[in-house]
Amino acid sequence: MKIFNRAMCKWRGYFIGILLISIVLLIPPAESSAATINIDAGKTTGINPLIYGNNMEVSSDTGNGAWDPTSYQSVPAVVDFAKDAGITILRFPGGNFAKEYHWLDGIGPYAARPTRTYGGWATVNNKYGTDEHMAFSGDIGAEVMITVNAVTGSPEEAAAWVAYLNGSPNDTNSIGGGWGTVGDWAGLRADPDYANHPNSFNVRYWEIDNEIWDDYDVTEYIGVFEEFYTAMKAVDPDIKVGAVSKWNYDWPKTLIEGIGADVDFLILHYYMPFVRSYSQADVDAILADINESFKATLAVPTQIQYQYTRIRNMIESSPASASRAQDIELLITEYNTGFYSDINDTVRDYQYSLGSALQNAESLNLLMNPDNKIGAANIWNFKSNVYGQVKGENPYTVRPTHYVFTMYKDYFGPELVNTTVTSDTYDSSKVLNTWAITSYRTDADDAKFRIRLQRDAGTNIAGDVWYDDIVVRESSSDTNLLLNPGFESNDANWSHSADPTDVNSSVDSSSSRSGSKSFKLSFAGGSNPAYDGMYQDVNIVPNTRYEISGYIKTQGITVDPVNLLLNPGFESNFTSWTSSSPTGATTSIDPAVSHSGTKSARVDFSGGYDVNYYHVRQTRNVDPSLTYIVEGYIKTDNITSNKGVRLGWEDDIGNNGFTGQLTGTNGWTYVAARVKPGGSQITVRLRRLDGGGSEPISGTAWWDDIRIQPLPKTYSPNIEIDVINDNNTIDETLTLDGLLGTHDWVQKKTNGTPYLSATASKDGNNLYLMVVNKNLDSNVPATINISGFSLPPDTSALTLNGPSIDATNESGDLVKVTSSTISNASTSFEYTFPAHSLTAIGFGRTAPPVPLEPPPSPMAHWKMDELSWSGAGAVVDSSGYGNNGTAAGDATTVAPGAPYGNGPRAGTFDGNGDHVTVSDSASITFKNKQNFSIAFWINPNELDGIFQDLVSKSGSSSYRVMMAWDNKVKISLIQPNFTAYDSGHIPTLNTWEHIALVVDFTTLEVRWYLNGSPLATNALTNSDMADPGGALVIADMTTGGNERPYDGLLDDVRIYNVALTSEQVARICNRADINGDGSIDWLDVEVLSEQWLDTIEYLDADINGDTSVDFEDFAELANVW
């Protein structure tokens, strides 16, 4: 696994484990067809930095290892990871725990905090609460996002949380509900026993709960949201408050209509493909074809972009939200792949794979798109064993997605640059909740495409739309078959007919995506024109895949809602409706109450009758191939029954359904139901279901603005493609959807998923290009063209890759980042992107130096640098695990120590009872199939063919490192019987040598190293180790027989609970080789000078291990030059 303690040095941001390679790429066997990437660096827009957010949970008292409650501070290593990833906003308290979390449990003195169980499984003492989260977020330089509890919490509790974090101590406004004043909570924030923060934290983003649909229906949630919104904004009107949405039509449409402009953002989550935790069927679907599963995984961003556009269209087309449509953001507060399975380890590990990392990189590219209006985004999640980018608590496992974020932090800029890609594409199948994404394949009789810039009549329209850069090409070719695709020659090659009334078409020289012109349609408004006056025919080849795309820009495109119903607002009384009054209910028109206009339909329920009400209805013809929405507004006054009022529908073959119901007293409330008719007619009814005679009803209900509208048709201007056969008839028509509202250039396409996606950015004089290659098998060569940028002399690349798309770092260092120098970079040059990879190219950046991979922290580390050993515990363990030893006999220390032994002295043992005893400890006990490593410097005085024990645990009943009867260094393990493994090496008399051994059950090897280089490898028996418990002894075993204590010097003895890598062993052995190139020279001096007088956790140039770089390190380096 990718394991290490954090290195904080000048190159921390360039990823521990980067491998410097002198060639541009490592070439797999195959290559895909060439691609083209065009970068126009003269066109830029800002990137919202809050897209680089993350999540933290309250599921442990340490924030999953981010917080040390004993020292009351952030764990430095985890702070480093967070800074490396560039986390800009950190969400709390995390996921569904929010529904149970009460923030008062997590503030103030630990002794006063209660123990709670969240989610039925996570029992915590709340030692990682609001105070700690704010401190950790401050340490990493991130904003905070809060998710409040709207299920078991109250608006007043949420408002008090706002007051605690943002309020002023001088604010005397009452929160209500017994929650005191704003100033009460703000004053508590300043208390040293609490947050110890007198100033406001200014937390901006607040969510009203998390994935709320299992607790409320959307109508109920609207009421809850409004209460929380009002209470929290009363404390701090500058905060942004968001509502939970879904990706379907009904929930967001109802939500937008219900809360209108009184929301600052909508909250969306996605996990695709999503494997249900205990579903064997889902596991089988993933494992049926791994390549297809990952192809679908990497096609997900196409699906998500469609959804972003659809939700934005809802916001911008709804009259309820129109006044603030441009201000309402989307926040993606959870996203990731969803492979996690509780019943299949193989599928579960796909969650941590290279493939998941590449999808997350693609997600970042979508989040940057300013047209999506993303306010913030938080991947799930930062530090945990389940979904975390970083796993464990020393040693750490760094998962591939973490490297994605470090690459964007260090090799990407804050300004988005106009970039286009032409690439071959692939088709993917539907896998679980992903879509099938396919290109268009022509039939045997297809002869041509007709590309039409058009608009269907259906409802009134106003606004402007522009078209540019329309492309029709074969999937295997870069050639655009369309002539004059950017209208640079005005309307040449296009058939352009006269404009209908209220439409003006023109070639616009003032707006373009590329070049200098585009095609513009202007709609005057107040009318319902169709437009079909601009088209071009393109000859095509039968049985061939094609890609079709184009860019659309809009300004103020608005359409009236489509409605199949006549007199939907009852302004003409019950004209076009059938109405009557049953016993117990009176039906009428109310001229004094309305949602819009002046009238509404009214039903008064007299009480005493359990009325089955269906007595106002209208029937309309529909197309059974379409899906429809039945929607409208209902207002109620004192509806007493549990069986409330609603809308109902039925088709002409007996299918039926209903919207949600309203009871009690409610203002005008939006209700909706999705309808897939089986027949050719739909009847809509004002409806109340009876309770079988046991639910009498009284009160009054009103209905207004009832609609039946088809989905997803918006009647916005779009691009349509007629597929015409050799008989000159249309086989089918493809549609590239249009846009509502105001949008900058948005690409629309009907094609498969491009193998290459590319996003470029700028940062001052540096230009960056980030490319994902989704081809699972082949490299993709590309021509990179750059305009609007003076190319600096240095260009380099970082590439995230592994041996396969499903590779992980769970049990081996398989997915890593490599660095290369690009020598042929110019304004037009060739570059080959490796299969299944993420590549960041930095124009103006030299390849980063190679940071060495430092070892993880040892479980025990006896430097043996004390002046003497006298008394219990005098042999100090510097690991922090408390494994101090007690010397026996004449064992003591002498100078000098080993050449790189972390200090000036070494332990000396006379072979006559000298040894060090360390009490039994879990940190140095290894059972079952636990990996571990032991390293030490040895300088023997005697080689006499008698066993000399070096390090032994529990006598001879656990692990035992010795010089055996043949003077060779061996280790024995109890598995459960005695099993010996031989290094084959006899130490050299009176000479310092470094020996390391690695017991690795992952690879079933015992690996030996001499002076930092591989020495021997033994096959490891695949059986559990035993340890009955007992002391660890250095330089003796104390069991008698043909053994005796060790005679000689030992230094820098270390024990690790992991299998060290060869790089880590080399680093332990030779700390003076600072840059790890195998020699000690001026390059090592250069690194030492860069870190001069630094005093941070781990420094490459800290040769003597005293946590600073100074003259003592220089002296050590000079001594071995």
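The values are calculated or read from the model by the stated rules, or taken from the named source; none is laboratory data. As the structure is a computational prediction, the values presented were derived from the model and not from experiment. Positions of Cβ are backbone-derived with ideal geometry, glycine not excepted, and every protein chain shown enters the neighbour counts.
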Checklist outcome for this item: Of the residues in the range 937-960 that are polar (S, T, N, Q) and part of a strand (DSSP E or B), the one that is nearest to the chain's Cα centre (by Cα) is 952
Checklist entry - Quick one: in the range 470-502, which of the residues that are touching a residue at least 12 places away in the same chain (Cβ under 8 Å) and among the hydroxyl-bearing types (Ser, Thr, Tyr) is nearest to residue 546 (Cα to Cα)? => result 475
Item to check | Filter result (among the polar types (S, T, N, Q) and more than 44 Å from the chain's Cα centre (by Cα)) within the range 662-717 | outcome: 680, 681, 683, 694, 698, 700
Next on the checklist: Among the residues of the range 543-557, are any without any contact (Cβ under 8 Å) to a residue 12 or more places away in the chain, out of contact with any strand residue (DSSP E or B) (no Cβ under 6 Å at 6 or more places or on another chain) and over 26 Å from residue 715 (Cα atoms)?
Outcome noted: no
Checklist entry - Is one or more of the residues making up the range 415-438 surrounded by 24 or more Cβ atoms within 10 Å (Cβ to Cβ), closer than 24 Å to residue 293 by Cβ and of a type in the set (Gly, Ala, Ser)? => result yes
Checklist outcome for this item: Residue hits (the range 735-758; surrounded by fewer than 20 Cβ atoms within 10 Å (Cβ to Cβ) and either free of Cβ contacts under 8 Å to residues at least 24 places away in the same chain or closer than 15 Å to residue 473 by Cα (or both)) are 735, 749, 750
Checklist entry - Could you say whether any residue in the range 460-474 is among the small types (Gly, Ala, Ser), assigned to a strand (DSSP E or B) and farther than 16 Å from residue 539 by Cβ? => result yes
Checklist outcome for this item: Across the range 92-113, the tally of residues that are under 23 Å from the mean Cα position of the chain (by Cα) and hydrophobic (A, V, I, L, M, F, W, C) stands at 3
Next on the checklist: I'm checking my understanding of the structure. Among residues of the range 1005-1063 that are in a loop (DSSP other than H, G, I, E, B) and of a type in the set (Val, Ile, Thr), which one is farthest from residue 909 (Cα to Cα)?
Outcome noted: 1021
Next on the checklist: Looking at the range 114-157 only, could you name the residues that are assigned to a strand (DSSP E or B) and either under 18 Å from residue 197 (Cα atoms) or more than 25 Å from the chain's Cα centre (by Cα) (or both)?
Outcome noted: 116, 117, 123, 124, 143, 144, 145, 146
Checklist entry - Has the range 448-459 got any residue that is assigned to a loop (DSSP other than H, G, I, E, B) and hydrophobic (A, V, I, L, M, F, W, C)? => result yes
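Yes or no, residue by residue, for (1) among the β-branched types (Val, Ile, Thr); (2) part of a helix (DSSP H, G or I):
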| position | (1), (2) |
| --- | --- |
| 303 | no, yes |
| 306 | no, yes |
| 313 | no, yes |
| 316 | no, yes |
| 330 | no, no |
| 333 | yes, no |
| 358 | no, yes |
| 371 | no, yes |
Next on the checklist: Take residues that are on the phi > 0 side of the Ramachandran plot and assigned by TED's automatic domain parsing to the domain that holds residue 626 and tell me which of the strands (runs of 3 or more DSSP E) falling wholly in the range 683-742 contain 2 or more.
Outcome noted: 698-711
Checklist entry - Any chance the range 610-622 includes a residue that's surrounded by fewer than 17 Cβ atoms within 10 Å (Cβ to Cβ), farther than 27 Å from residue 218 by Cα and out of contact with any strand residue (DSSP E or B) (no Cβ under 8 Å at 6 or more places or on another chain)? => result no
Checklist entry - If you check 980, 1026, which single one turns out to be under 42 Å from the mean Cα position of the chain (by Cα), of a type in the set (A, V, I, L, M, F, W, C) and farther than 18 Å from residue 1056 by Cβ? => result 1026
Item to check | Residue satisfying condition, being in contact (Cβ under 8 Å) with a residue 24 or more places away in the chain and either part of a loop (DSSP other than H, G, I, E, B) or over 27 Å from residue 88 (Cα atoms) (or both), within set 162, 224 | outcome: 224
Checklist entry - Hey, among the residues in the range 288-346 that are at pLDDT 90 or above and of a type in the set (Asp, Glu), which one's farthest from residue 810 (Cα to Cα)? => result 327
Checklist outcome for this item: Per the filter on the range 412-426, residues aromatic (Phe, Trp, Tyr) and at pLDDT 95 or above are 412
Checklist entry - Out of (1) at pLDDT 95 or above; (2) loosely packed, with under 15 Cβ neighbours inside 10 Å, what's the single condition that is false for residue 990? => result (1)
Item to check | Selection within the range 217-228 - surrounded by fewer than 22 Cβ atoms within 10 Å (Cβ to Cβ) and either more than 30 Å from residue 434 (Cα to Cα) or under 27 Å from the mean Cα position of the chain (by Cα) (or both) | outcome: 223, 224, 226, 227
Next on the checklist: Can you tell me how many residues within the range 743-771 are under 25 Å from the mean Cα position of the chain (by Cα) and part of a loop (DSSP other than H, G, I, E, B)?
Outcome noted: 2
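One line per residue, one yes/no per condition, for (1) touching a Lys or Arg at 6+ places or on another chain (Cβ under 8 Å); (2) farther than 28 Å from residue 711 by Cα:
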| position | (1), (2) |
| --- | --- |
| 589 | yes, yes |
| 601 | no, no |
| 619 | no, no |
| 639 | no, yes |
Item to check | Criterion: charged (D, E, K, R), farther than 29 Å from residue 224 by Cα and surrounded by fewer than 24 Cβ atoms within 10 Å (Cβ to Cβ) - qualifying residue of 84, 61 | outcome: 61
Checklist entry - With (1) part of a strand (DSSP E or B); (2) in contact (Cβ under 8 Å) with a residue 60 or more places away in the chain; (3) buried (at least 18 other Cβ atoms within 10 Å of the Cβ); (4) among the small types (Gly, Ala, Ser) as the list, and residue 505 as the residue in question, which single condition is left unmet? => result (2)
Checklist outcome for this item: Screening 549, 522, 606, 572 for residues that are small (Gly, Ala, Ser), at pLDDT 95 or above, outside the structural domain of residue 425 (by TED's automatic domain parsing) and crowded, with 16+ Cβ neighbours inside 10 Å leaves only 522
Checklist entry - Name the pairs: first residue in the range 277-303 and under 16 Å from residue 438 (Cβ atoms), second residue surrounded by fewer than 20 Cβ atoms within 10 Å (Cβ to Cβ) and basic (Lys, Arg), Cβ to Cβ under 8 Å, at least 6 apart or on different chains? => result 296/430
Next on the checklist: I'd like the full set of residues that are in a strand (DSSP E or B) and touching a Pro at 6+ places or on another chain (Cβ under 8 Å), limited to the range 234-274.
Outcome noted: 266
